[in-house]
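K.L.:
Let me give you the structure first, and then I'll get to my questions.
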Amino acid sequence: MINKRLLIKNLLSHNDENSFYDKKQKLSLSSKEGKAKFLKHICALSNSNPLNNSYIVIGVEDEENKIIGVDFFDDSKIQNLVNAYLTNPPKIEYENVRFPSLPRHKVIGLVTIYSNNKTTALFKNAWKYRKDTVFYRRGSNSIPFYGDNFEIRNTNKQIVAAIEKNASNNIELTLDGVFDFIKNHKEAYNPQYKVFNEQFVLCWAGKQKNVNNEIYFSRVDIELINEQVQLFFSALDDVQITYNSTSFIVTEFIYLGFEKQEKYYPLEKTIIHFKENGKHDILKEFLFQPPIFNDEIMIHIYNSCNLIVRKIEQKQQLSVTDYKDVLRLPTNYLICYLHGFLDAEEFLKKAKDYIKNLEDKSTYLKYKETLRIIRKVKYG
């Protein structure tokens, strides 16, 4: 079993970016340019490593290898993006890896590109990259190749195998990981662990609350200690947790509504299933059925939100009432989006800088949670 934190350290210390790994400060999959560049690197690394895994490390400052971290990213459908744009798409996996030096809400992203020994190319145009372009790695650069005679070559198999072997987990790393997890979570969040199939150690923490005789947990953190991978992180929304001898099950809820009519709506169920062969599967089931509100009320709220955004764009002075509306902007725009106002997402993004600089940081957390939920709803 590979300790992913140790693997990242080994990759960063090995050399600068090369033909089997790349590093980025962040991914920008919401833009056409960012999406296309990500696909380019996936294509190039796959073609340059037909017989071994290759990697992209995210959340690292390029020049000095400084670990700065990124937000937890739970997009389980990222494989769909690769499948939609690439011929012979490799299997990829995005994991969130905890580092003790980072704040609790930050991780290092690790993209693993699994070898498939086939030539990968763009299936269709992506930004400025043309259909049928083949990319490959030359040192730290992803180079385009045009034509029909691209030859797959492999020179990294032994190097990558040695790096992965040196990142193997052991009992000391596992015990240190459990102690670190418990130490880094306040007693109020009741940090605990459970061993599955005598080999997987799962730690979790969350603040328990009772709502209408139902137990929920907020600010939930779940980590697979053997691999130092954060499987789930929730800044705002609430979850319910159950488990048995082979599975750990998390059901995520969102709290939606207007005024004092809010209620819980199930969003997604995540099942972490541990196998006897030393492997595990993560299955996700989308559960969300959005609430339905009066059309006239929704039009009024949508127009009111847009008016606030226009005032922000024009740098107008906001009244006390306007400011209160800003605090509800992420939640109100989310409800608008769920009622068919699909451009609500873009209007909300226009207010990002203003919301990010508010003294009340919880509104920016709601902003990020809203975009995360919209992404899940799109895929769901």
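K.L.:
Filtering the range 344-369 down to residues that are of a type outside the set (D, E) and not in a helix (DSSP H, G or I), which residue is nearest to I254 (Cα to Cα)?
P.N.:
Going through the qualifying residues, I end up with K361.
K.L.:
Condition first: touching a residue at least 40 places away in the same chain (Cβ under 8 Å) and at positive phi. Can you find one or more residues in the range 62-81 that meet it?
P.N.:
Yes.
K.L.:
Turning to a different aspect of this structure: Examine the range 129-151 for a residue that is surrounded by 15 or more Cβ atoms within 10 Å (Cβ to Cβ), of a type in the set (A, V, I, L, M, F, W, C) and under 24 Å from the mean Cα position of the chain (by Cα), and state whether such a residue exists.
P.N.:
No, the conditions are met nowhere in the range 129-151.
K.L.:
Is it fair to say I271 is in the same structural domain as A235 (by TED's automatic domain parsing), surrounded by 12 or more Cβ atoms within 10 Å (Cβ to Cβ) and within 30 Å of A84 (Cβ to Cβ)?
P.N.:
yes
Every residue, every condition in (1) closer than 18 Å to L12 by Cβ; (2) of a type in the set (A, V, I, L, M, F, W, C); (3) touching an Asp or Glu at 6+ places or on another chain (Cβ under 9 Å), yes or no:
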site	(1), (2), (3)
P89	no, no, no
R98	yes, no, yes
F123	no, yes, yes
Y129	no, no, no
S140	yes, no, yes
Y146	no, no, yes
Q158	no, no, no
Y189	no, no, yes
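K.L.:
Just give me the residues in the range 346-368 being surrounded by 18 or more Cβ atoms within 10 Å (Cβ to Cβ) and over 18 Å from D325 (Cβ atoms), in sequence order.
P.N.:
Correct list: K368 only.
K.L.:
Quick one: in the range 176-221, of everything that is in a helix (DSSP H, G or I) and touching a strand residue (DSSP E or B) at 6+ places or on another chain (Cβ under 7 Å), which residue is farthest from V107 (Cα to Cα)?
P.N.:
A188
K.L.:
Name the single residue that is farthest from F232 (Cα to Cα) among those in the range 65-93 being among the basic types (K, R) and outside any strand (DSSP E or B).
P.N.:
Result: K91.
K.L.:
Right, something else. Can you tell me which residue among I241, I249, I312, I299 is among the β-branched types (V, I, T), in a helix (DSSP H, G or I) and without any contact (Cβ under 8 Å) to a residue 40 or more places away in the chain?
P.N.:
When all the criteria are applied, what remains is I299.
One line per residue, one yes/no per condition, for (1) surrounded by 15 or more Cβ atoms within 10 Å (Cβ to Cβ); (2) within 25 Å of K118 (Cα to Cα):
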{"residue": "K9", "(1), (2)": "yes, no"}
{"residue": "Y21", "(1), (2)": "yes, yes"}
{"residue": "K24", "(1), (2)": "yes, no"}
{"residue": "K32", "(1), (2)": "no, no"}
{"residue": "I42", "(1), (2)": "yes, yes"}
{"residue": "L45", "(1), (2)": "yes, yes"}
{"residue": "I58", "(1), (2)": "yes, no"}
{"residue": "E63", "(1), (2)": "no, no"}
{"residue": "N80", "(1), (2)": "no, yes"}
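K.L.:
I would also like to ask the following. Give the residues of the range 152-193 that are of a type in the set (G, A, S), out of contact with any helix residue (DSSP H, G or I) (no Cβ under 6 Å at 6 or more places or on another chain) and surrounded by 15 or more Cβ atoms within 10 Å (Cβ to Cβ), sorted by residue number.
P.N.:
Result: G177, single match.
K.L.:
Another one. Go through the range 322-380 residue by residue and tally those that are farther than 20 Å from R310 by Cβ and either out of contact with any Lys or Arg (no Cβ under 7 Å at 6 or more places or on another chain) or of a type in the set (V, I, T) (or both).
P.N.:
20
K.L.:
Limited to the range 93-119, what total is found for residues that are over 21 Å from G177 (Cβ atoms) and either crowded, with 21+ Cβ neighbours inside 10 Å or not assigned by TED's automatic domain parsing to the domain that holds N47 (or both)?
P.N.:
Qualifying residue count for the region: 2.
K.L.:
Moving on to the next point. Which one of V201, V220, V195, V178 is closer than 22 Å to F253 by Cβ, out of contact with any His (no Cβ under 6 Å at 6 or more places or on another chain) and not aromatic (F, W, Y)?
P.N.:
Answer to the selection: V220.
The values are calculated or read from the model by the stated rules, or taken from the named source; none is laboratory data. This one's a predicted model, so the numbers in the text were calculated from it and none came from an experiment. Here Cβ is always computed from backbone atoms with ideal geometry, including for glycine, and neighbour counts include all displayed protein chains.
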